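Chemist: One structure is given below, represented as structure tokens, and several questions about it will come after.
The values are calculated or read from the model by the stated rules, or taken from the named source; none is laboratory data. Every value quoted in this text rests on a predicted model; they were computed, and no experiment measured them. Positions of Cβ are backbone-derived with ideal geometry, glycine not excepted, and every protein chain shown enters the neighbour counts. All accessible areas refer to the heavy atoms of the entire protein, side chains included, with ligands and DNA or RNA removed. Shrake-Rupley method; radii C 1.70, N 1.55, O 1.52, S 1.80 Å.
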Amino acid sequence: MIKSTQLDALNHWYQDEFQQKIKEEAFKELIVPFDRVTYAPLYRQPRKIWGIGLNYLEHAADLHEVSPDTEPASFMKPDTAIIGSGDTIQVPMQSERTTAESELGIIIGKTCKNVSEEDALDVVAGYTTIIDMTAQDILQKNPRYLTRAKSFDTFFSFGPQLVTPDEVDDVLELKVATIINGSVHRENTVSNMTFQPQFLISFHSQVMTLLPGDIISTGTPGAVVIRQGDVVSCRIDGFEQLDNPVEDLKEAGK
């Protein structure tokens, strides 16, 4: 629906016709409750996944890094890293220290190039929850290893919901939290990003054409080391929580 630019039509149907149908008793019996649904990723093959590093000052301080203040620290990830809610994150054999981080995801809804900051939010199809993984020990060997450290299979979880812009009163007021085993590791508000969503969209549209379904993962308030048996979650105000269990392939092979 996003790639075929039919999301607006679907949203209108949901707001009008569907909202009327759910009032009918016969139709209510066809609705499956959220707690009985097994979620997949929102989709499998976005044309691009942009990640933004060190976009909160506090996260940069955690890593003893200087937060970029002139341009975003961008990187890209492959779609083979994608998993969905409930799927297992696999800590690879090559890493002894892998981290997970919760992020707000921006889903692009319209083809755009050189979009202004003022118009940037008009090209957004919606927002979602993301958990992004990094083989931190590989990255620390050399910053040029960033792509490899970010690109292992299962290293990008997103969904389970696409929250459309009309459902978000103010994206800057959303609180994003990295949760580990039910406890908040770190949380912060989107307004505290160094580079906020409208800037990120505009900036990257000046680098390359953004297409429907492209994802911008906007940065994390804090990354947490994940280990065998953990459950890591992304919690954002008003969104269905994204949860993923963790398996360490080194432990599984013993």
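Chemist: Tell me, what is the percent relative contact order of the chain, built from C-alpha pairs under 8 Å that lie six or more residues apart?
Modeler: The normalised contact order for the chain reaches 29 percent.
Chemist: Moving on. With charges set only on the Cβ (+1 for Lys and Arg, -1 for Asp and Glu), what does the dipole of region 124-188 come to about its Cα centre, in debye to the nearest 20?
Modeler: With Lys and Arg at +1 and Asp and Glu at -1, about 600 debye.
Chemist: In debye to the nearest 20, how big a dipole does the chain give about its Cα centre with +1 on each Lys and Arg Cβ and -1 on each Asp and Glu Cβ?
Modeler: It works out to roughly 1040 debye.
Chemist: Can you send over the carbon and sulfur percentage of the accessible area for region 90-139, probe radius 1.4 Å, protein chains only?
Modeler: Of all accessible area on region 90-139, carbon and sulfur atoms account for 44 percent.
Chemist: Go through LYS77/LYS250; LYS110/LYS141; LYS110/LYS150; LYS113/LYS175 and tell me which ones have a Cα-Cα distance over 32 Å in this structure. Display every interim value, and only then the final one.
Modeler: Details: LYS77/LYS250 24 Å; LYS110/LYS141 39 Å; LYS110/LYS150 27 Å; LYS113/LYS175 29 Å.
The answer is LYS110/LYS141.
Chemist: What are the equivalent ellipsoid semi-axes of region 134-254, built from the alpha-carbon gyration tensor (square roots of five times its eigenvalues), in whole angstrom, biggest first?
Modeler: The answer is 27, 20, 14 Å, longest axis first.
Chemist: Any idea of the accessible area per residue across the chain, 1.4 Å probe, to the nearest Å²?
Modeler: Working: 12620 Å² over 254 residues.
Dividing the accessible area of the chain by its residue count gives 50 Å².
Chemist: How large is ³J(HN,Hα) for each residue in region 211-227, as worked out from phi by the Karplus curve 6.51 cos²θ - 1.76 cosθ + 1.60 (θ = phi - 60°), to whole Hz, x for Gly and Pro?
Modeler: In residue order, the calculated couplings are 10, x, x, 4, 10, 10, 8, 7, x, 10, x, x, 9, 10, 5, 10, 9 Hz.
Chemist: Calculate the dipole size of region 77-169 relative to its Cα centre from +1 charges on Lys and Arg beta carbons and -1 charges on Asp and Glu beta carbons; express the result in debye to the nearest 20.
Modeler: 680
Chemist: Can you run phi through the Karplus equation (6.51, -1.76, 1.60; θ = phi - 60°) for region 174-180 and list ³J(HN,Hα) in whole Hz, with x for Gly and Pro?
Modeler: For region 174-180, the Karplus-derived couplings read 5, 9, 10, 10, 8, 10, 10 Hz, x marking Gly and Pro.
Chemist: To continue, here is another question. For the chain, just run the numbers: alpha carbon Rg, then divide by 2.2 N^0.38 Å, N being how many residues it has.
Modeler: Compared with the compact-globule rule of thumb, the chain sits at 1.02.
Chemist: Using Cα centres only, tell me the gap between region 171-229 and region 77-95 in whole Å.
Modeler: Each part's Cα centre sits 18 Å from the other's.
Chemist: From the residues ILE201, LEU162, LEU249, which one has its Cα farthest along the dipole of region 133-254 in the positive direction, the dipole being from +1 and -1 charges on Cβ of Lys/Arg and Asp/Glu about the Cα centre?
Modeler: LEU249
Chemist: Please give the contour-minus-distance gain from ASN192 to ASP8: 0.36 nm per residue of separation, less the Cα-Cα distance, rounded to one decimal in nm.
Modeler: 63.2 nm
Chemist: I need the peptides 135-146, 92-103 ranked by packing, meaning the mean over residues of other C-beta atoms within 10 angstrom, with the highest value on top.
Modeler: Numbers: 135-146: 14.7, 92-103: 20.8.
With the highest mean Cβ count within 10 Å placed first, the list reads 92-103, 135-146.
Chemist: Once amide H atoms are placed 1.01 Å from N in the peptide plane, what residues at a sequence separation of 5 or more from ALA73, or on another chain, have their amide H within under 5 Å of its amide H?
Modeler: For ALA73, whose amide H was placed from the backbone, the distant partners under 5 Å are GLY53.
Chemist: Compute the relative contact order of region 133-245 as a whole-number percentage, counting only Cα pairs closer than 8 Å that sit 6 or more residues apart in sequence. Mind showing how you got there, number by number?
Modeler: Details: 126 pairs, mean separation 31.5, N = 113.
Relative contact order, region 133-245: 28 percent.
Chemist: Spin-label point model (7 Å from Cα, Cβ direction): what's the LYS175 to VAL225 distance in nm?
Modeler: 2.8
Chemist: To the nearest 10 Å², what's GLU173's accessible area with a 1.4 Å probe?
Modeler: Result for GLU173: roughly 110 Å² accessible.
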